[in-house]
Amino acid sequence: MSGCYDRPASLETALRLLAAGGWRVLAGGTDVYPAHVGRPLGDGWLDISAVEGLRGIRSIPGGWSIGAATTWTDLLRADLPPLFDALKAAAREIGGMQIQNTGTLAGNLCNASPAADGTPVLMALDAQVVLQSVRGSRRIAVTDFVLGARRTACAADELVVAIEVPARTAAARSAFVKLGGRRYLVISITMVAVVVDVDEAGVVRRAGVAVGSCSACAQRLPALERRLVGRPADPGLADRIDPADLAPLTPIDDLRASAAYRLDATATLIRRALADVRGEPVSAGALG
Ligand SMILES: Cc1cc2nc3c(=O)[nH]c(=O)nc-3n(C[C@H](O)[C@H](O)[C@H](O)COP(=O)(O)OP(=O)(O)OC[C@H]3O[C@@H](n4cnc5c(N)ncnc54)[C@H](O)[C@@H]3O)c2cc1C
């Protein structure tokens, strides 16, 4: 390791440094710095914020690529189809404006907090993570990337270089609803992301539903996703939820909420998110 901090301009240099060992990645630092309050940061921080080509959202064959240094504000300002409404709704409630200006989607995912707002949205979108090292590059689904609380499939010499979101039809819609004790600067009690794609007849052809803050890492609800497919995207869609659909969730009791309350609130948020993708009003974050 060559020093305590480096901010390379090229991906090649960043990967070479990571291959040499002893480096930890720093993007916006909005998870890293608060985790070190009252103690030194230590050596070996590889700041990727200046790496050329890592920032921004671009169209690629079959979808979009979100560069690893793309901030929440970049996402909010990007011209994107309604498929991205859930990701933008999540972006609007990440901390405050300063956090959104600095924090990145990739950092949110790599930090692997059970309460990371971006993770359930990326799961419902069927997003893939693009990892690169001097050994080559690989692509894995977000559901396989996040292994548990603070655990990901990113090897020590790998860098997440992009998150890819597959294209859907122009009719695809998405929604994100989060419940916390107050509106901003809050760790979610539960959060729900829903992505629904419908055909010309208004029938659901694909559904993605994922829940965060109710397990060690965000979980998709495959039984509910299957039941939504083939149904008309009408007001009855929100009534399709069955309590057994929440079986993949393993919420805990903590100071923010009991496990039972989390499950109950999650069912309500799913109904609201399903109402939202049909264009009906949803009061994000409100109880009741
Ligand atoms: C006041 C405040 C409010 C917040 N509110 C919310 C909130 O409402 N919802 C929410 O979900 N989060 C919230 N956060 C947490 C944080 O802002 C987000 O998770 C943010 O998106 C993290 O991105 P970052 O670029 O700052 O990550 P960093 O802090 O730079 O990195 C986070 C982790 O990811 C790793 N990492 C980063 N980029 C890469 C990469 N490309 N490849 C491999 N590893 C990488 C780092 O090594 C580190 O372990 C809040 C934080 C603060 C301080």
message = Can you pull out every residue in the stretch 44-91 that is exposed (fewer than 15 other Cβ atoms within 10 Å of the Cβ), charged (D, E, K, R) and touching a residue at least 12 places away in the same chain (Cβ under 8 Å)?
response = 52
query = When the residues of the stretch 151-164 are filtered to those that are outside any loop (DSSP other than H, G, I, E, B) and out of contact with any Ser or Thr (no Cβ under 9 Å at 6 or more places or on another chain), which remaining residue is surrounded by the fewest Cβ atoms within 10 Å (Cβ to Cβ)?
reply = 151
query = When both residues are 6+ apart or on different chains and their Cβ atoms are under 9 Å apart, which pairs have a first residue that lies in the stretch 19-36 and is in a helix (DSSP H, G or I), and a second that is within 6 Å of the ligand (Cβ to nearest atom)?
reply = 35/111
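Give 183, 240 a once-over and let me know the one that is modelled with pLDDT under 95, within 29 Å of residue 256 (Cβ to Cβ), open to solvent by 20 Å² or more (accessible area, probe 1.4 Å) and away from the ligand (no atom under 16 Å from the Cβ).
Values: 183 fails: away from the ligand (no atom under 16 Å from the Cβ).
Step by step, each of 183, 240 is checked, and only 240 is modelled with pLDDT under 95, within 29 Å of residue 256 (Cβ to Cβ), open to solvent by 20 Å² or more (accessible area, probe 1.4 Å) and away from the ligand (no atom under 16 Å from the Cβ).
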query = Looking at (1) outside any loop (DSSP other than H, G, I, E, B); (2) touching a helix residue (DSSP H, G or I) at 6+ places or on another chain (Cβ under 7 Å); (3) within 20 Å of residue 126 (Cα to Cα), which is the one condition that is false for residue 214?
reply = (1)
ask   = Can you find even one residue in the stretch 230-245 that is hydrophobic (A, V, I, L, M, F, W, C), outside any helix (DSSP H, G or I) and free of Cβ contacts under 8 Å to residues at least 60 places away in the same chain?
value = yes
ask   = Is at least one residue of the stretch 116-123 assigned to a helix (DSSP H, G or I), polar (S, T, N, Q), within 13 Å of the chain's Cα centre (by Cα) and at pLDDT 95 or above?
value = yes
remark   = Scanning the stretch 26-41 residue by residue, those more than 10 Å from the ligand (Cβ to nearest atom) and under 19 Å from residue 14 (Cβ atoms) turn out to be 41
key: Failed item in (1) open to solvent by less than 40 Å² (accessible area, probe 1.4 Å); (2) at pLDDT 95 or above, with residue 167 passing the rest   = (1)
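Name every residue in the stretch 162-174 that is touching a helix residue (DSSP H, G or I) at 6+ places or on another chain (Cβ under 7 Å) and closer than 21 Å to residue 113 by Cα, in order of residue number. Step through it out loud before you land on a result.
Taking the stretch 162-174 first, the residues touching a helix residue (DSSP H, G or I) at 6+ places or on another chain (Cβ under 7 Å) are 163, 168, 172-174.
Across the stretch 162-174, the qualifying residue is only 163.
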note = Sole miss for residue 99 among (1) part of a helix (DSSP H, G or I); (2) open to solvent by 50 Å² or more (accessible area, probe 1.4 Å); (3) closer than 19 Å to residue 162 by Cα is condition (3)
ask   = Taking only pairs six or more apart or across chains, which ones have beta-carbon atoms under 6 Å, a first residue in the stretch 201-217 that is at pLDDT 95 or above, and a second residue that is of a type in the set (Asp, Glu)?
value = 205/197; 205/199; 206/197; 207/225; 209/225
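Does residue 220 fit the bill of being in contact (Cβ under 8 Å) with a residue 60 or more places away in the chain, within 19 Å of residue 176 (Cβ to Cβ) and charged (D, E, K, R)? Break it down into steps so the answer makes sense when it comes.
Details: in contact (Cβ under 8 Å) with a residue 60 or more places away in the chain: yes; within 19 Å of residue 176 (Cβ to Cβ): yes; charged (D, E, K, R): yes.
Yes.
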ask   = residue 26 versus (1) closer than 16 Å to residue 157 by Cα; (2) surrounded by fewer than 17 Cβ atoms within 10 Å (Cβ to Cβ): which is the lone unmet condition?
value = (2)
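Can you tell me which residue within the stretch 131-148, out of those that are part of a strand (DSSP E or B) and of a type in the set (Lys, Arg), is most open to solvent (accessible area, probe 1.4 Å)? Walk me through how you get there before you give the answer.
Of all residues in the stretch 131-148, those part of a strand (DSSP E or B) come to 131-133, 136-141, 146-148.
This time we only want the ones that are of a type in the set (Lys, Arg), so: 138-139.
Values: 138: 90, 139: 121 Å².
Only one residue tops the list, namely 139.
The values are calculated or read from the model by the stated rules, or taken from the named source; none is laboratory data. Just so you know, these numbers come straight off a predicted model, no measurement behind them. Quick reminder, even Gly has a Cβ in these numbers, built from the backbone with ideal geometry, and neighbours come from all protein chains shown. Each accessible area value is taken on the protein alone, full model and side chains, heavy atoms only, with ligands, DNA and RNA left out. Shrake-Rupley method; radii C 1.70, N 1.55, O 1.52, S 1.80 Å.
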